[in-house]
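**Q** Sending over a structure as structure tokens; questions will come in a sec.
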Amino acid sequence: MIHYEKYTLDNGLTVLIEQDKTTTMAAVNVLYKVGSKNEDPDKTGFAHLFEHLMFGGSDNAPDFDTPLQMAGGENNAFTNNDYTNFYDVVPVQNIETALWLEADRMAHLTLNQEALDVQKKVVVEEFKEVCLNKPYGDTWHHLSALTYQKHHYQWPTIGKEISHIEKAHLGDVADFFQRYYHPQNAILSISSPLSSYEILTIVKKYFEEIPSHSTNYLQSPAEPEQRESRSLTVTGEIPIPMFVLAYHMPGRTHEEYYACDLISDILANGRSARLYNRLVKEIKCVSEIDCYLTGSMDNGLIIIEGKPAENVSIEECIQHVWHEIQLLQTELVDERELQKVKNKAVSSIAMSDLNVLNKAMSMAYFENLGQIEIMNEQEEYYESVTPQDIQAAAKKYLRLENMSQLNYLPAINPS
Amino acid sequence: MQQLRIAPNINPLNHIILPHVEQVVSNSGVPIYRIIKDDCEVVKCELVFLAGRPYESVALAATTTAFMLREGSKKLNSEEIAEQLDFYGATLNIKASLDTITVQVVCLKKYMTAIMDIIRQILLEPVFPESELQLMKDRRVQRLKIELAKNEVVSYRILTESIYGDRHPYGYNSSELLYQAITRQDIIDHYERFIHRNNCFIFLAGDVRGESIISSIETLLDELPTKEKISLDRRKLLIDSKLERAIKTTGNPLQASIRIGRKTFNRTHEDYYPFVFLSTVLGGYFSSRLTTNIREEKGLTYGIYSMLDTLLYDGSFMIATDVATDKVGETLSEIYKEMEILQNDLVPDEEMDLVRNYLAGNYINFFDGPFNSIKAIKSLVLSQIPLSDLKSLVDISQSINAHQVLDIAQKYLNRNDFWEVIVGASAQDRNID
């Protein structure tokens with residue numbers, strides 16, 4: 001349970017404050033409502049590149065990191081399809097430094113050609129390190145393009161291709177800042193031992209006068225319903241084959257999200273999960289198997305991915321996966337198994353609420369979904385899922401026509 | 001926006017609140033360290049056995065024993081153990097680090113006694129079924145194939161093997177052959193020699209005062225066998241390796257993985273704290289010299305860092321980065337240049353302050369909350385550093401001066417003492433002199 005208070009400043013900035021008297025640290029989180037789904041299809045990877053530029057200094061703090069480290073703090077950021085998130089963790093006596101730094105870069109970030117050129121190179125190396133130079137590192141390049149035909153989820157956050165990053169112009173960067181980085185499009189959340197009154201006083205001091213801009217955001221088109229199964233086989237320098245099955249499902253705020261999440265837990269969360277028990281331990285057809293949701297705001301995916309055991313074909317593994325899916329569709333899950341996955345969901349929420357940074361991020365995340373009140377109702381949503389809900393969701397989404405299959409095969413047969 | 005023009009004052013960080021650690025001894029003589037937080041729904045319990053690689057008779061005995069413990073006991077088979085733990089929403093990790101086997105559980109307080117009963121069966125009555133062992137081997141070998149396709153994994157393996165030697169407990173690498181060679185009897189032997197009461201420490205965090213929790217732990221400890229503690233054969237820890245440059249060319253030449261490193265020392269060494277300071281200046285935080293030069297000024301890499309890795313009986317120091325293959329030569333010469341500067345010039349006062357504060361912030365964070373604190377406490381206890389030294393350790397790290405940093409740099413950052421490993425670059429494109 002996170003006890004928060006919510007305020008909106010006159011410039012439109014949403015502020016969420018939680019007081020935790022047992023900690024000596026403060027977490028400051030700033031979420032900007034812009035992700036790779038807001039990018040132009042010819043300029044992908046831009047939201048993430050921009051995240052890097054946010055560390056290049058601002059008018060009154062020419063270097064972002066030094067004052068924060070001097071204050072005993074650490075910071076980082078990440079970008080995904082839906083949003084860009086910056087965070088600072090600092091001993092509470094220096095929380096003001098973190099808030100000042102975040103306000104100053106929201107107000108007037110320094111943008112120059114030199115910084116852009118360096119960060120373009122850094123991101124190109126990141127692209128190579130994370131996507132090109134690792135086995136299966138380009139999974140999401142292939143899978144996003146296979147599963148989404150209209151929606152901007154069709155490219156991964158890092159960008160569709162390196163050339164998009166290399167041709168980013170300073171003019172584009174300035175426009176992007178103007179368009180997306182202002183109070184109206186941001187959520188500031190803070191978890192610390194200080195009272196909301198103390199926090200709000202500092203927040204107002206630094207953020208109140210930052211102007212908001214227009215709200216003319218680039219929106220992604222919706223993804224039309226998939227009507228027949230798709231598949232793609234990639235051959236490459238990989239040690240062993242891999243398969244990925246992806247099924248469309250509704251976005252994060254849809255009521256069926258919880259049933260889908262519990263389906264993924266029944267199939268693959270923990271060593272007692274069905275796919276692990278049947279495919280890894282009994283039949284021994286796969287060496288690894290997993291199932292999870294992408295959990296995106298718009299239409300998301302249920303993913304099942306596995307690596308066949310030695311000398312087993314992908315087709316054989318998938319037969320066994322289908323058998324497990326059919327069981328979910330034809331037989332109601334028994335009470336103990338359903339209670340087991342609910343218990344796991346509830347305890348993982350309790351564990352994540354122990355840390356100031358998790359709590360600050362959680363508040364911003366649920367506020368960005370437009371429903372912060374459901375943050376503290378998660379347990380109830382999970383508890384209310386019935387065996388019938390599980391069966392209905394399995395029938396509705398885990399269908400062949402709604403599936404995309406990606407196969408990875410080694411280029412050279414090791415035998 | 002007048003307010004933004006003036007940077008807020010930075011307050012001193014000299015007030016580090018140390019955790020209150022209760023140190024007790026169980027009825028059966030096992031040391032228990034606990035940090036209590038009332039009204040905390042979640043509890044953590046960790047049993048640590050000194051049973052890692054230095055104690056092995058057969059390579060990989062520690063990691064396979066750790067993995068196999070949960071794969072079946074006299075009363076519960078592997079599936080039943082998994083189902084019960086999952087039903088209680090507990091996270092049980094049993095793993096071998098280089099020095100230890102640890103059994104760690106995090107769960108809701110209300111289920112702790114039930115979980116301790118399962119752990120009791122896992123630890124007291126494991127059966128190590130042959131079929132589970134074969135399955136584990138097959139899966140480990142498959143996973144190893146994937147790991148060996150990553151430059152960063154291969155370069156790390158070559159570096160540590162070079163530093164310690166390929167027969168040293170900290171130096172040898174897992175391989176398909178080693179996995180295939182290990183037998184059920186090897187695992188039973190390792191278990192019987194090291195999983196006992198006289199070789200065990202317990203660390204608890206959260207609201208762990210309840211009588212039922214304490215008595216479930218006491219029950220488990222009472223039943224753990226008492227055995228003679230086996231003393232370590234220190235000859236195994238001697239190092240016999242000659243310095244050279246290891247270069248391995250792999251199939252994917254997009255990026256090369258650079259690892260350079262040397263042997264150092266364990267945590268009780270007098271140079272430990274000044275070295276941590278030095279490593280932070282060089283590559284231990286975002287404003288470090290290496291990150292500033294190689295990432296933020298030249299854009300050669302997504303990341304570069306240095307790290308002091310201390311183990312119970314030894315340690316190593318490493319600098320790691322991945323760069324475009326044609327930038328290997330330039331990157332290496334910049335790394336060595338930064339090392340040399342630290343050997344020649346005193347770190348300026350402002351930078352000393354920055355690192356001091358950064359490290360003080362780290363300490364405050366280490367000791368924030370029971371779950372962070374217990375991790376820090378565990379590392380001190382295992383290194384046999386008395387907890388009464390806690391306060392002075394924080395003070396020592398804050399009082400290090402630029403001359404000490406220079407001395408340590410001169411002592412440890414000589415290029416000729418470093419192994420250099422490059423994986424992924426071919427002979428022509430790496431541009432090395």
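The values are calculated or read from the model by the stated rules, or taken from the named source; none is laboratory data. Note that the coordinates shown come from a computational prediction; the quantities given were computed from them, not determined experimentally. We place every Cβ from the backbone using ideal geometry, glycine too, and count neighbours over all the protein chains shown.
**Q** With more than 15 Å from residue A:271 (Cα to Cα), part of a helix (DSSP H, G or I) and either within 13 Å of chain A (Cβ to nearest Cβ) or touching a residue at least 24 places away in the same chain (Cβ under 8 Å) (or both) as the only criterion, which of B:102, B:113 stands out?
**A** Details: B:102 fails: part of a helix (DSSP H, G or I).
Residue meeting the stated conditions: B:113.
**Q** Please determine, by comparing only the residues of the range A:40-70 that are out of contact with any Gly (no Cβ under 8 Å at 6 or more places or on another chain) and free of Cβ contacts under 8 Å to residues at least 40 places away in the same chain, which one is surrounded by the most Cβ atoms within 10 Å (Cβ to Cβ).
**A** Only one residue tops the list, namely A:68.
**Q** Quick one: which of A:352, A:348, A:313 is at the interface with chain B (Cβ under 9 Å from one of its Cβ atoms), surrounded by fewer than 17 Cβ atoms within 10 Å (Cβ to Cβ) and out of contact with any strand residue (DSSP E or B) (no Cβ under 6 Å at 6 or more places or on another chain)?
**A** Sole residue among the options that is at the interface with chain B (Cβ under 9 Å from one of its Cβ atoms), surrounded by fewer than 17 Cβ atoms within 10 Å (Cβ to Cβ) and out of contact with any strand residue (DSSP E or B) (no Cβ under 6 Å at 6 or more places or on another chain): A:348.
**Q** Go over the candidates A:255, A:237 one by one and state the one that is under 30 Å from residue A:346 (Cα atoms) and among the acidic types (Asp, Glu).
**A** Just a single option satisfies the conditions, and that option is A:255.
**Q** Sort out which residues of the range B:366-408 are within 13 Å of another protein chain (Cβ to nearest Cβ), in contact with a strand residue (DSSP E or B) (Cβ under 6 Å, 6 or more places away or on another chain) and either free of Cβ contacts under 8 Å to residues at least 12 places away in the same chain or not β-branched (Val, Ile, Thr) (or both), and write them in order of number.
**A** B:368, B:370, B:371, B:373
**Q** While we're looking at this one, here's another question. Out of (1) among the aromatic types (Phe, Trp, Tyr); (2) more than 24 Å from the chain's Cα centre (by Cα); (3) more than 25 Å from residue B:288 (Cβ to Cβ), the odd one out for residue A:64 is which?
**A** The one condition residue A:64 does not meet is (3).
**Q** Provide a single number: the residues in the range A:16-39 that are closer than 11 Å to residue A:196 by Cα and buried (at least 24 other Cβ atoms within 10 Å of the Cβ).
**A** Counting residues in the range A:16-39 that are closer than 11 Å to residue A:196 by Cα and buried (at least 24 other Cβ atoms within 10 Å of the Cβ) gives 2.
**Q** Which residues, taken from the range A:266-300, are among the acidic types (Asp, Glu) and either crowded, with 22+ Cβ neighbours inside 10 Å or away from chain B (no Cβ under 11 Å) (or both)?
**A** Listed by number, the residues that qualify are A:290, A:298.
**Q** Now for a different question. Select from the range A:189-204 the residues that are in a strand (DSSP E or B) and away from every other protein chain (no Cβ under 13 Å) and write down the one among them that is surrounded by the fewest Cβ atoms within 10 Å (Cβ to Cβ). Before you say what the answer is, go through the steps one by one.
**A** Step one: of the range A:189-204, the residues in a strand (DSSP E or B) are A:189-192.
Still in the running and away from every other protein chain (no Cβ under 13 Å): A:189-190.
On the way: A:189: 28, A:190: 30.
If we take residues in the range A:189-204 being in a strand (DSSP E or B) and away from every other protein chain (no Cβ under 13 Å), then A:189 is surrounded by the fewest Cβ atoms within 10 Å (Cβ to Cβ).
**Q** Across the range B:148-166, what is the total count of residues that are touching a helix residue (DSSP H, G or I) at 6+ places or on another chain (Cβ under 8 Å) and within 9 Å of chain A (Cβ to nearest Cβ)?
**A** 1
**Q** Quickly run through the range A:205-264 and pick out the residues that are more than 14 Å from chain B (Cβ to nearest Cβ), polar (S, T, N, Q) and under 29 Å from residue A:188 (Cα atoms).
**A** Correct list: A:214, A:215, A:216, A:219, A:220, A:253.
**Q** Picking from A:148, A:136, A:83, A:87, which residue would you name as being within 22 Å of the chain's Cα centre (by Cα), within 11 Å of chain B (Cβ to nearest Cβ) and among the hydroxyl-bearing types (Ser, Thr, Tyr)?
**A** Exactly one of A:148, A:136, A:83, A:87 is within 22 Å of the chain's Cα centre (by Cα), within 11 Å of chain B (Cβ to nearest Cβ) and among the hydroxyl-bearing types (Ser, Thr, Tyr), namely A:136.
**Q** Can residue A:395 be described as within 14 Å of chain B (Cβ to nearest Cβ) and touching a residue at least 40 places away in the same chain (Cβ under 8 Å)?
**A** Considered against the rule, which asks whether it is within 14 Å of chain B (Cβ to nearest Cβ) and touching a residue at least 40 places away in the same chain (Cβ under 8 Å), residue A:395 comes out as no.
**Q** While we're on this one: What are the residues in the range B:174-194 that are buried (at least 16 other Cβ atoms within 10 Å of the Cβ) and within 30 Å of residue B:319 (Cβ to Cβ), if any?
**A** B:174, B:178, listed by residue number.
**Q** What single numbered condition from (1) away from every other protein chain (no Cβ under 14 Å); (2) closer than 30 Å to residue A:95 by Cβ; (3) part of a helix (DSSP H, G or I); (4) touching a strand residue (DSSP E or B) at 6+ places or on another chain (Cβ under 7 Å) fails to hold for residue B:307?
**A** Here residue B:307 meets the rest and fails (3).
**Q** Still on this structure, I have one more. Tell me the residue from A:123, A:173, A:92 that is facing another protein chain (nearest Cβ under 8 Å) and either over 22 Å from the mean Cα position of the chain (by Cα) or touching a residue at least 24 places away in the same chain (Cβ under 8 Å) (or both), please. Let's see the steps before the verdict.
**A** Numbers: A:173 fails: facing another protein chain (nearest Cβ under 8 Å); A:92 fails: facing another protein chain (nearest Cβ under 8 Å).
Among A:123, A:173, A:92, only A:123 is facing another protein chain (nearest Cβ under 8 Å) and either over 22 Å from the mean Cα position of the chain (by Cα) or touching a residue at least 24 places away in the same chain (Cβ under 8 Å) (or both).
**Q** Something else about it: Every residue in the range B:290-326 that is crowded, with 22+ Cβ neighbours inside 10 Å and charged (D, E, K, R), please.
**A** B:295, B:314, B:322
**Q** Looking only at residues that are assigned to a helix (DSSP H, G or I), touching a residue at least 24 places away in the same chain (Cβ under 8 Å) and touching a strand residue (DSSP E or B) at 6+ places or on another chain (Cβ under 8 Å) in the range A:129-152, which one is farthest from residue A:245 (Cα to Cα)?
**A** Ranking the qualifying residues of the range A:129-152, first place goes to A:130.
**Q** Scan the range B:35-51 for residues that are touching a strand residue (DSSP E or B) at 6+ places or on another chain (Cβ under 8 Å) and either within 11 Å of residue B:201 (Cα to Cα) or not assigned by TED's automatic domain parsing to the domain that holds residue B:108 (or both) and report the count.
**A** Filtering the range B:35-51 for residues touching a strand residue (DSSP E or B) at 6+ places or on another chain (Cβ under 8 Å) gives B:35-37, B:40-49, B:51.
Applying the additional criterion that residues be either within 11 Å of residue B:201 (Cα to Cα) or not assigned by TED's automatic domain parsing to the domain that holds residue B:108 (or both) yields B:45-49.
Residues meeting the conditions: 5.
**Q** Which is hydroxyl-bearing (Ser, Thr, Tyr), within 24 Å of residue A:206 (Cβ to Cβ) and surrounded by 19 or more Cβ atoms within 10 Å (Cβ to Cβ), of A:136, A:87?
**A** Exactly one of A:136, A:87 is hydroxyl-bearing (Ser, Thr, Tyr), within 24 Å of residue A:206 (Cβ to Cβ) and surrounded by 19 or more Cβ atoms within 10 Å (Cβ to Cβ), namely A:87.
**Q** Please pick out the residue among B:314, B:353 that is of a type outside the set (Lys, Arg) and more than 29 Å from residue B:102 (Cβ to Cβ).
**A** Details: B:314 fails: more than 29 Å from residue B:102 (Cβ to Cβ).
None of the other options fit; the residue is B:353.
**Q** Further, regarding this structure: For the range A:230-264, how many residues meet the condition of being over 30 Å from residue A:372 (Cβ atoms), at pLDDT 95 or above, in contact with a Lys or Arg (Cβ under 9 Å, 6 or more places away or on another chain) and surrounded by fewer than 21 Cβ atoms within 10 Å (Cβ to Cβ)?
**A** Total meeting the criteria: 1.
**Q** If you don't mind, there's one more thing I want to ask. Taking strands (runs of 3 or more DSSP E) that fall entirely within the range B:1-94, which contain at least 2 residues that are under 20 Å from the mean Cα position of the chain (by Cα), more than 8 Å from chain A (Cβ to nearest Cβ) and at pLDDT 95 or above? Break it down into steps so the answer makes sense when it comes.
**A** Working: elements: B:22-25, B:31-36, B:42-49.
Counting at least 2 such residues, we get B:42-49.
**Q** Looking at B:384, B:404, B:410, which one is outside any helix (DSSP H, G or I) and in the same structural domain as residue B:263 (by TED's automatic domain parsing)?
**A** Numbers: B:404 fails: outside any helix (DSSP H, G or I); B:410 fails: outside any helix (DSSP H, G or I).
After applying the criteria, what remains is B:384.
**Q** Answer yes or no as to whether residue A:292 is modelled with pLDDT of 95 or more and not in a strand (DSSP E or B).
**A** In short, no.
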